[in-house]
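Colleague: The structure follows.
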Amino acid sequence: MLEVLTGSGLAASAGLNAYIPLLLMGVLARYTDLMELPSGWQWLGNGWVLLILAVLLAVEMVADKVPVVDHVNDVVQTVVRPTAGGLAFGAGSSSETVTVSDPDTFFSSHQWVPVIVGVLLALGVHLLKSAARPVINATTAGFGAPVASTAEDATSAVMSVVAILLPVLVLVFLLGFVAFLFWFLRRRRSRRRERQAARAAGFRV
């Protein structure tokens, strides 16, 4: 169960920011004893990989905070974030951490399963983020973009750390995500009905 929570937290984190969970895993595996990556994922701790991830993270953090540019970035990230989510779930759920001591017992025979699960989970978070951002930009004249982006980056970082060090708390994040999803969908339906009612009133006039 802890393997699933660790992988889920890292994948959901990648849905918000593709590079934070991968960079965190690589740094922890390379410089600390908090995470030991399995043999197939050792490349995440390579110095060049960490440098590339750090550069990509810096570009992402700037682009995601500029209105209009953030929309273009979200379109590009539709491929990148789910891919990163699959990698994060696969590596995270198969790694040995301070809370997971025998990861092979869970995904021993179907190594592709956690990658697919990670892709789908990250894609779901990414689609919600991409749908919410235009609403935030429109209602705040673009001023909400850097605030929302900073909050998303912080959430991604905290969730990644929690997924590795205290995966039980990932349940809190996932429940919060589901609650926000229901609230967001209800609000969109409500706004759509209001616009339709306004148009109907305009036609009658």
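Colleague: Just wondering, is there one or more residues in segment 3-21 that are assigned to a helix (DSSP H, G or I), closer than 25 Å to Leu165 by Cβ, charged (D, E, K, R) and in contact with a Ser or Thr (Cβ under 9 Å, 6 or more places away or on another chain)?
Modeller: Taking segment 3-21 as the starting set, the residues that turn out to be assigned to a helix (DSSP H, G or I) are 3-16, 19-21.
Applying the additional criterion that residues be closer than 25 Å to Leu165 by Cβ yields 3-16, 19-21.
Filter again for charged (D, E, K, R), leaving 3.
If we keep only those that are in contact with a Ser or Thr (Cβ under 9 Å, 6 or more places away or on another chain) as well, we get 3.
Yes.
Colleague: Now, a different point. Please list, ordered by first then second residue, the pairs with beta carbon atoms under 6 Å, 6 or more apart or interchain, first in segment 22-44 and part of a helix (DSSP H, G or I) and surrounded by 15 or more Cβ atoms within 10 Å (Cβ to Cβ), second modelled with pLDDT of 85 or more and among the polar types (S, T, N, Q).
Modeller: Partner pairs satisfying both residue conditions: Leu24/Ser160.
Colleague: Related question: Please name all residue pairs, on different chains or six or more residues apart, with Cβ atoms under 7 Å, provided the first residue is in segment 117-129 and is within 14 Å of Val75 (Cβ to Cβ) and the second residue is among the basic types (Lys, Arg) and in a helix (DSSP H, G or I).
Modeller: That search, which allows pairs on different chains as well, returns His126/Arg81.
Colleague: Report yes if Thr99 is open to solvent by less than 80 Å² (accessible area, probe 1.4 Å), modelled with pLDDT of 70 or more and of a type outside the set (A, V, I, L, M, F, W, C), otherwise no.
Modeller: Details: open to solvent by less than 80 Å² (accessible area, probe 1.4 Å): yes; modelled with pLDDT of 70 or more: no; of a type outside the set (A, V, I, L, M, F, W, C): yes.
No: the conditions fail for Thr99.
Colleague: In segment 159-175, which residues are closer than 14 Å to Val125 by Cβ and open to solvent by less than 80 Å² (accessible area, probe 1.4 Å)? Walk me through it before giving the result.
Modeller: Of all residues in segment 159-175, those closer than 14 Å to Val125 by Cβ come to 159-160, 163, 170, 173-175.
Of everything in segment 159-175, those that are closer than 14 Å to Val125 by Cβ and open to solvent by less than 80 Å² (accessible area, probe 1.4 Å) turn out to be Met159, Ser160, Ala163, Val170, Phe173, Leu174.
Colleague: With respect to Trp48, determine if the residue is modelled with pLDDT under 85 and over 19 Å from Gly15 (Cβ atoms). Please lay out each step first, then the result.
Modeller: On the way: modelled with pLDDT under 85: no; over 19 Å from Gly15 (Cβ atoms): yes.
Taking the combined requirement at face value, the residue does not satisfy it.
The values are calculated or read from the model by the stated rules, or taken from the named source; none is laboratory data. Predicted, not measured: the structure shown is a model, and the values here were computed from it. Reconstructed Cβ throughout: ideal geometry from the backbone, glycine too, with neighbour counts over all protein chains shown. In case anyone asks, the SASA skips ligands and DNA or RNA and just uses the protein heavy atoms, side chains included. Shrake-Rupley method; radii C 1.70, N 1.55, O 1.52, S 1.80 Å.
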